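Following: one structure in structure tokens, then a few remarks.
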Amino acid sequence: MAYRLTMVGTGYLGATTSACMAELGFEVLSLDIDAEKIDRLRAGDLPIYEPGLQEILRRNLANGRLRFTTSYEEAAAFGDVHFLCLGTPQKPGEYAADVSYLDAAIESLAPHLDRECLIVGKSTVPVGTAQRLADKLARLAPIGAGAELAWNPEFLREGFAVKDTLHPDRIVLGVSSDRAEKVMREVYASMLEMGTPMVITDYPTAELVKVAANAFLATKISFINAMAEVCEAAHADVKQLSLALSFDDRIGSKFLNPGLGFGGGCLPKDIRAFMARAGELGADQALTFLREVDAINMRRRARMVDLARELAGGSFRGCTVAVLGAAFKPNSDDIRDSPALDVAVKISEQGGRVTVYDPVAQENARKAHPGLSYGTSALDAAKEAHVVLLLTEWQEFIAMDPEELGSVVVSRKIVDGRNALDAETWRAAGWHYRALGRP
């Protein structure tokens, strides 16, 4: 059977999944209550930056496989499988996740479900959410138990989301019936034929897989950054330490790059929500280590400000600081919990004249922090700078000519917040080069 798919939510996850599932040949109808966003998407204007995605969006709009709507009634009539692609942000003033968008979607969609269908949650949620939503769905849908729920967490990396959607490294599926498993095996048939492993499990395990994966990655990043703190105290080199560790195949090199730490809309809020939920379940002691993971990560930002202040001569007063990078990672325009912008704001608050440049996230940064100055290029941002900070490792920054950059600054002082530059090349060009965790 050729299932018709709907996507509820057209944010980062929803827009990517919509376009990519249409690319696989499905008829897709994507729903959002934000009419302005829907108008932009209908016009082929992608509201996020993700390499390769805009072309796929426009191609599938043109061939008619992808459409957009603001109507839950239309979505219910159209779809056989409804994917929930909604955000679960951190609640203001606490660690817990806000799952109200998912509840609102179920409450809006369910009353229109009068034929057999499957609702598939892709959001990152506190364990226990899926069962609660499944019960609500069965109560509110006219078809009753004919509207089933499955939980299918996403594992997209910003900057690689198209690849991760079309060629996932695994598919995790939490189901409560054979029928739900059968439907999802048919939806993902092309991926399964390519050899993608599928793990079939229950709701709570599927929910835990995503938060456990993010907790592990966050822990690995904070581990090497903790080693950077020790290296600074011991006058050792964390880059060489990381390299030596990476040859151990039990450890590996991924997520072992020391630097400014993690940010974005997933890792920080997900590990905090994981801790909050574990506390509600009476298992808070199991995750107390994540508090230190979070604390190490935030200390990196403070240490970057300290290093910049050292190079500025002990104070930012009267000092011009160039900040290269605003996105929380390269190949993205996402500035949520961006370490780069956090550092820029703190330096500005301490009296520094800060000029930021990012090749993609510039406008998002400007809207969020209009009090900072913004350059039109790396060279423009660095004009008359006393200190340059590389805080997002865009390839164009890694490839910068130290002589060319040196020609526009007041003093050749750079702090490499991502350990992305060749230290000897920069020092040979007369730069005072500093990096987190290195002599």
Distance histogram in 5 Å bins (all Cα pairs of region 96-178, percent per bin)
3, 14, 23, 21, 17, 13, 8, 2, 0
Quick one: P(r) of region 295-439 from all Cα-Cα pairs, 10 Å bins, percents rounded to integers, in order of increasing distance.
13, 49, 35, 3
Computed from the coordinates I sent, Rg and Dmax of the Cα atoms in Å equals one of [x] 21.1, 60; [y] 23.5, 73; [z] 20.0, 62. Tell me the label.
[y]
Sum of side-chain charges, GLN131 neighbourhood, beta-carbon under 15 Å (Lys, Arg +1; Asp, Glu -1):
-2
Kyte-Doolittle at least 0.0, axis length at least 18 Å by Cα - qualifying DSSP helices, the chain
203-234
Gyration tensor on Cα atoms of region 27-118, a ≥ b ≥ c root eigenvalues, a/c under 1.5 rounded, else prolate if a/b beats b/c, else oblate, says oblate
Once you've got the GNM for the chain with C-alpha springs shorter than 10 Å, pick whichever of ASP103, ASP401, ASP249 has the biggest mean-square fluctuation.
ASP249
For the chain, modelled as a Gaussian network with Cα springs under 10 Å, which listed residue fluctuates most, LEU66, LEU256, LEU245?
LEU245
Do the sum for the chain: with -39,500 (n - 2.57) for every DSSP H run of n ≥ 4, divided by all residues, what is the mean residue ellipticity at 222 nm, to the nearest 500 deg cm²/dmol?
-13000 deg cm²/dmol
Taking a ≥ b ≥ c as the square roots of the eigenvalues of the Cα gyration tensor of region 4-201, is the shape rounded (a/c under 1.5), prolate (a/b larger than b/c) or oblate?
rounded
Looking at region 11-133, send over the antiparallel percent of its DSSP beta bridges, to the nearest 5.
10 percent
GNM result for the chain, Cα springs below 10 Å: residue of ARG250, ARG301, ARG42 fluctuating most strongly
ARG250
Between rounded, prolate and oblate, where does region 165-279 land on the alpha carbon gyration tensor, with a ≥ b ≥ c its root eigenvalues, rounded for a/c under 1.5, else prolate if a/b exceeds b/c?
prolate
So how much slack lies between SER407 and SER377, counting 0.36 nm per residue of separation and subtracting their Cα-Cα distance, in nm?
9.4 nm
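Coordinate-derived values only; no laboratory data. Computed from a predicted model, the values in this text were never measured in an experiment. Reconstructed Cβ throughout: ideal geometry from the backbone, glycine too, with neighbour counts over all protein chains shown.
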